[in-house]
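Worksheet: the structure to be examined is printed underneath.
The values are calculated or read from the model by the stated rules, or taken from the named source; none is laboratory data. Computed from a predicted structure; not experimentally measured. Backbone-built Cβ (ideal geometry, glycine too); neighbour counts: all protein chains shown.
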Ligand code: GLV
């Protein structure tokens with residue numbers, strides 16, 4: 001008798017034509033509309049699934065996987081994966097993947113766009129105009145801060161940070177960066193970026209962009225003390241994760257004139273945004289869209305689909321998902337991890 005087809009849960013509506021590739025190998029369950037799940041609903045869905053295509057909306061940890069006996073792989077559609085408890089997945093032998101690279105340039109573009117909108121007060125002045133308050137041109141209205149010739153600080157110098165640094169060259173900016181580990185000298189030279197410690201980055205940046213991964217170690221890395229070290233004329237932009245910033249301290253600094261402006265694409269409790277931030281004129285707020293060009297979002301879904309097919313032991317990369325986050329899960333699942341398709345394919349299917 002033929003083995004029953006394995007099941008994949010796609011947590012949100014993505015691009016049907018791309019997600020449809022999963023149906024060649026698996027039975028696919030996907031919602032017709034955007035969903036907000038409770039942890040219990042996620043646990044129920046995982047219990048039925050061999051594989052999952054998840055987005056950053058779905059938090060998956062110890063409790064959600066407790067009853068997920070058949071679950072072998074989770075492909076996150078995003079480069080960040082702080083929605084996944086990777087240690088718990090690894091221990092349970094569940095492979096996890098993400099979607100790096102395909103979103104680097106689009107996200108770096110957006111980082112720059114948000115920086116420009118913030119420093120040059122673009123959305124604030126548009127709101128003002130639409131409110132009918134532009135009654136006379138005046139020489140000193142909506143004065144912002146220059147990008148060209150200024151010092152750009154980048155906190156987190158991975159692929160996206162480096163993409164932003166490369167763009168800054170065209171704006172004739174001096175680029176400082178801080179990262180857990182210093183980049184090789186040739187990469188620094190290619191980005192024309194200088195490594196500094198965090199205190200110097202905070203003190204010297206005219207514009208500071210956050211592009212580092214969120215983790216317990218980076219939680220509220222920008223708190224009241226860090227904000228106090230920044231120039232009162234500085235701009236702060238966050239395109240990484242909301243939890244990097246103590247948002248209440250930020251709102252207080254912005255309201256008190258201790259920081260000029262902020263551009264935020266991500267929020268600690270998103271989609272909720274603190275009323276203290278919403279009330280401020282000198283903050284640009286966008287709904288987590290840094291990777292949101294059509295081409296890039298399609299590429300992310302496509303890569304996640306490839307990852308999931310491979311992680312479940314099918315397709316040309318069977319057993320070798322291109323963007324495996326937790327190689328140790330192979331060992332925990334009793335797989336050697338040192339072979340290509342065949343050996344893993346069989347084992348992962350078990
Ligand atoms: C989006 O925030 C991502 O991590 O891809």
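Specify which of the listed residues (67, 51) is away from the ligand (no atom under 16 Å from the Cβ) and more than 24 Å from the chain's Cα centre (by Cα).
On the way: 51 fails: more than 24 Å from the chain's Cα centre (by Cα).
Result of the check over 67, 51: 67.
Kindly indicate whether any position in the range 144-155 is modelled with pLDDT of 95 or more, farther than 30 Å from residue 79 by Cα and touching a strand residue (DSSP E or B) at 6+ places or on another chain (Cβ under 7 Å).
yes
When residue 75 is evaluated against the numbered criteria (1) over 22 Å from residue 7 (Cα atoms); (2) touching a helix residue (DSSP H, G or I) at 6+ places or on another chain (Cβ under 6 Å), which criterion, by number, is the only one it fails?
Tallying (1) over 22 Å from residue 7 (Cα atoms); (2) touching a helix residue (DSSP H, G or I) at 6+ places or on another chain (Cβ under 6 Å), residue 75 fails exactly one: (1).
Taking residue 46 as the residue in question, decide whether it is within 16 Å of the ligand (Cβ to nearest atom), buried (at least 20 other Cβ atoms within 10 Å of the Cβ) and not in a loop (DSSP other than H, G, I, E, B). Break it down stepwise before answering.
On the way: within 16 Å of the ligand (Cβ to nearest atom): no; buried (at least 20 other Cβ atoms within 10 Å of the Cβ): yes; not in a loop (DSSP other than H, G, I, E, B): yes.
Spelling it out, it is not the case that residue 46 is within 16 Å of the ligand (Cβ to nearest atom), buried (at least 20 other Cβ atoms within 10 Å of the Cβ) and not in a loop (DSSP other than H, G, I, E, B).
Going through the range 95-124 one residue at a time, which ones are away from the ligand (no atom under 16 Å from the Cβ) and in contact with a helix residue (DSSP H, G or I) (Cβ under 6 Å, 6 or more places away or on another chain)?
Matches in the range 95-124: 95, 112, 117, 123.
Quick one: what pairs do we get from the range 72-91, first residue under 13 Å from residue 304 (Cβ atoms) and more than 14 Å from the ligand (Cβ to nearest atom), second part of a helix (DSSP H, G or I) and modelled with pLDDT under 95, C-beta under 9 Å, 6+ apart or different chains?
73/329; 73/348
Picking from 312, 277, which residue would you name as being touching a residue at least 12 places away in the same chain (Cβ under 8 Å) and in the same structural domain as residue 144 (by TED's automatic domain parsing)?
Sole residue among the options that is touching a residue at least 12 places away in the same chain (Cβ under 8 Å) and in the same structural domain as residue 144 (by TED's automatic domain parsing): 277.
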